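Below: the structure, in structure tokens.
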Amino acid sequence: MVHVMPFVFLSTRARIFLKSFVQHCPKECYSRALIPLLAVLCPYMLQRLTARWQIINQRYENSAESEEDNAESQEVLEDQIVRQVTRDYIDLIGVICQNRKLVEPLAGVDGMEEDFAVVSSHDDSLSELGVLLVSQQEIFTPIIVFVFTALSLNDTTTCNKAAPLCWPLLKQIIADQHLTDVGAVHLLQAVLHGLQQHGEHESCQSQLLTVGLQCYEAMRPLYPGIAATLLQVPNCTEAMVKAFDERILQSTPNKQASEKKKKDMFKKLVAGVIGQSLGQLFKKEVNFRNLPPLFSKRSQQRAHQQARVDAEPDAGLSSLFAPQNESRL
């Protein structure tokens, strides 16, 4: 049925029906109700959305050649539909994979929508349904591929929604030993593509650097080949990668660097691939050398002496004509 459904209806089905269905499905019905549904939905959404985003990216590249107003308005509409479907599908994956706890509606508030009663408890572990799906390769593989692919889609909202899902999915698939060498390289490359696409946005850049550091730290001891992926980054040398590995992987627990230092080091490694806005591409750094002091020492001493004189109410005249000083006059 999903294969013949109009694309515009996928957003409302994912937001209204599927999210509620996943949230309220009893655990004993996962294998009978949810898994057969997701086995059809997840591969289809990966294939359909990937194809749609390829068309959108091609339109952006060839936008200068199109001059028809009607065609442009239709393209804008289709673009917004694809973005909304993508965001709703990422939200659905979050409901499937993240631990969430239900909060009772506020007392005295009637007609409270159900979505407002759901609060996400952002931890690093998958939900019970997410752990169950790890063994279902026909479901879990399309999910993790799409989440990492969403990091580089031309939509900052989608990137911000997908970034928190990367580490729980990756940690679980590494623990279950389902990740291959080729898959590890692909996931790290997806994070680097995301930095290239969204590096100019501070919120996206911060999240992607965190995801990239987590991926590299977890995968480097098990999949040494991912170090070669960093060497493809401009201005990243083998010596820099080796020093980074020694700092974060071979250090003792007592000498372990802080997360902020690790993040700054990783940022220096991938600085050549981080995207920048057009206004920052050819920005020339302004450096001032040997600036003269604003206040000289003499002026500071004079100001201090004047302050002492002003602090005395009589400015020292009474002490000058004091009786003990009359004999000296």
Note on region 217-249: residues surrounded by 11 or more Cβ atoms within 10 Å (Cβ to Cβ) and either polar (S, T, N, Q) or not in a helix (DSSP H, G or I) (or both) are R220, L222, Y223, T229, Q232, V233, N235, C236, T237, L249
How many of the residues making up region 168-209 are within 17 Å of D124 (Cβ to Cβ) and open to solvent by 50 Å² or more (accessible area, probe 1.4 Å)? 4
Can you confirm whether region 263-277 contains a residue that is modelled with pLDDT under 70 and assigned to a helix (DSSP H, G or I)? no
I'm trying to understand the selection: among the residues of region 141-191, which are more than 18 Å from L49 (Cα to Cα) and among the basic types (K, R)? K171
Just to be sure, is S152 modelled with pLDDT of 90 or more and out of contact with any strand residue (DSSP E or B) (no Cβ under 7 Å at 6 or more places or on another chain)? yes
Which members of region 120-142 meet the condition of being part of a loop (DSSP other than H, G, I, E, B) and either at pLDDT 90 or above or over 14 Å from V22 (Cα atoms) (or both)? S121, H122, D123, D124, S125, S135, Q136
Qualifying positions in region 148-167 - touching a Gly at 6+ places or on another chain (Cβ under 7 Å), open to solvent by less than 20 Å² (accessible area, probe 1.4 Å) and closer than 17 Å to V82 by Cα: L151, C159
Among the residues listed as Y44, Y60, Y30, the single one being under 20 Å from T157 (Cα atoms) and either assigned to a helix (DSSP H, G or I) or at pLDDT 90 or above (or both): Y60
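The values are calculated or read from the model by the stated rules, or taken from the named source; none is laboratory data. Keep in mind it's a predicted model, so treat the numbers as computed, not measured. Positions of Cβ are generated from backbone atoms using ideal geometry, with glycine treated the same way; all protein chains shown enter the neighbour counts. For the accessible areas, the whole protein counts, side chains as well, though only heavy atoms, and no ligand, DNA or RNA atoms are used. Shrake-Rupley method; radii C 1.70, N 1.55, O 1.52, S 1.80 Å.
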